[in-house]
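In what follows, a single structure is set out as structure tokens and then discussed.
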Amino acid sequence: MFLKTTEYALRAVLYIARESHEDRRVSLAAVARAIGSPASFTAKIMQQLSRDNRIVCSVRGPGGGFYMTPASRQLPMQAILEAMGEEHLMTKCVLGLRQCSEKQPCPMHEAYQPVKAGLMRLFTHHTIGEMAGEPEWRKRLQQKRRPGLKR
């Protein structure tokens, strides 16, 4: 559903939320390892996420890295989609048709409406901090990083 860039961004933010605070920053290399992404690709994603230090804050130089403030942990998950330019995915047709609506529905329109509503609730009603605090989050992330592991 999301571009690979956005999938990595979601994983990166949740990892940073879980592993950092203002006095403990995580390095680009650590983020890249945690999300299973090449460092150069992760660097581009982190530039988008740390723009204006709204979602992720970055500090350059020795002892630098990425961290999240208490305020950024209270942002809805939707903020990550907005930072990556993919907020429109929540409202667009699942088949990508321009003419899909209640009056001119695509073949999947009716069946997809509850799924779309659930996704909208997930991304608008749950904060980054809430999602990062899930006890099973770390285990799921590690399984996602290691292909071939039994789930």
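Any read-out appearing in this document is the output of simple, stated calculations on the displayed coordinates, not a laboratory observation. Values in this document were obtained by computation on a predicted structure and should not be read as measured data. Counting neighbours? That spans all protein chains shown, and the Cβs are built from the backbone with ideal geometry, glycine included.
Here are the numbers for this structure:
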item: Test: LYS103 is under 20 Å from the mean Cα position of the chain (by Cα), outside any helix (DSSP H, G or I) and among the basic types (Lys, Arg); result: no
item: Selection from segment 78-100 of residues that are within 12 Å of the chain's Cα centre (by Cα), surrounded by 13 or more Cβ atoms within 10 Å (Cβ to Cβ) and not in a helix (DSSP H, G or I); result: MET84, GLU86
item: The lone exception for SER40 - which of (1) of a type outside the set (Phe, Trp, Tyr); (2) closer than 18 Å to ALA83 by Cβ; (3) out of contact with any helix residue (DSSP H, G or I) (no Cβ under 8 Å at 6 or more places or on another chain) it fails; result: (2)
item: In segment 43-63, the residues that are in a loop (DSSP other than H, G, I, E, B) and surrounded by 13 or more Cβ atoms within 10 Å (Cβ to Cβ); result: SER50, ARG54, ILE55, VAL56
item: Inter-residue pairs, beta-carbon under 9 Å, first on the phi < 0 side of the Ramachandran plot and in segment 11-30, second assigned to a helix (DSSP H, G or I) and basic (Lys, Arg), 6+ apart; result: ARG11/LYS144; ARG11/ARG145; TYR15/ARG138; ALA17/ARG73; ARG18/ARG138
item: Top-ranked residue of segment 5-24 - restricted to ones that are touching a helix residue (DSSP H, G or I) at 6+ places or on another chain (Cβ under 9 Å) and of a type in the set (Lys, Arg), ranked as farthest from MET84 (Cα to Cα); result: ARG18
item: Every residue from segment 8-25 that is of a type outside the set (Ser, Thr, Tyr) and either within 15 Å of ILE128 (Cβ to Cβ) or crowded, with 21+ Cβ neighbours inside 10 Å (or both); result: ALA9, LEU10, ARG11, ALA12, VAL13, LEU14, ILE16, ALA17, ARG18, GLU19, HIS21
